[in-house]
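Report on the structure given below.
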Amino acid sequence: MFEAWVDGSVRGGNPGIGGIGIYIERDGHEVYRFASLVGDNVTSNEVEYASMIFILKHLDFINFKNEDCKIHTDSALVHGQVVKNWKCNFTHLRKLRDEVKRLLNVPFKVEILWSGRLTNEIANELAQTVTAEELERRG
């Protein structure tokens, strides 16, 4: 089974310095971990979407066997707007939601699950670390 955990982090305020963390397992074994800065003046909701968009854009490379997969997020907002069709009042978030939905058009099943923070520890740590290091670097 191919499973991914995604998370975003913002430091120095909200909006602030944003980063993402991605952790992937196949059959219970780690195959990939990634952290990257997203940018400045981004909100926590934007980085949560950025982490989901990142994994979906790279599924064809990472999930080269086209296995059905599960993607875990601890963002109730992303999960609610994408999976449960919650109302999306902000244009910039609507564009991100629509991009996620477009990227879900793949030749295998992708299930997006809401997972609490405690089950998303590694992706959270990756995102937190990259933003903390950038905030420290800037002094």
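The values are calculated or read from the model by the stated rules, or taken from the named source; none is laboratory data. All of these numbers come straight from a predicted model, not from anything done at the bench. Virtual Cβ from ideal backbone geometry, glycine too; neighbours counted across all protein chains shown.
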- [ ] Assess whether I53 counts as being part of a helix (DSSP H, G or I) and in contact with an Asp or Glu (Cβ under 7 Å, 6 or more places away or on another chain).
- [x] yes
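To keep it simple, each residue is scored yes or no on (1) farther than 17 Å from E3 by Cα; (2) in contact with a helix residue (DSSP H, G or I) (Cβ under 9 Å, 6 or more places away or on another chain); (3) crowded, with 20+ Cβ neighbours inside 10 Å; (4) touching a residue at least 60 places away in the same chain (Cβ under 8 Å).
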| residue | (1), (2), (3), (4) |
| --- | --- |
| V47 | yes, yes, yes, yes |
| S51 | no, yes, yes, yes |
| H58 | no, no, no, no |
| E67 | no, no, no, yes |
| D74 | no, yes, yes, yes |
| N85 | yes, no, no, no |
Open item on the list: For the range 3-40, give me each residue that is among the hydrophobic types (A, V, I, L, M, F, W, C) and either at pLDDT 95 or above or buried (at least 21 other Cβ atoms within 10 Å of the Cβ) (or both).
Closed with: A4, W5, V6, V10, I17, I20, I22, I24, F34, A35, L37, V38
Open item on the list: Any residue at all in the range 87-105 that's modelled with pLDDT under 95, surrounded by 20 or more Cβ atoms within 10 Å (Cβ to Cβ) and either among the acidic types (D, E) or not in a helix (DSSP H, G or I) (or both)?
Closed with: no
Task: Single match in T91, T119, T131 (criterion: within 17 Å of A35 (Cβ to Cβ) and β-branched (V, I, T)) - done: T131
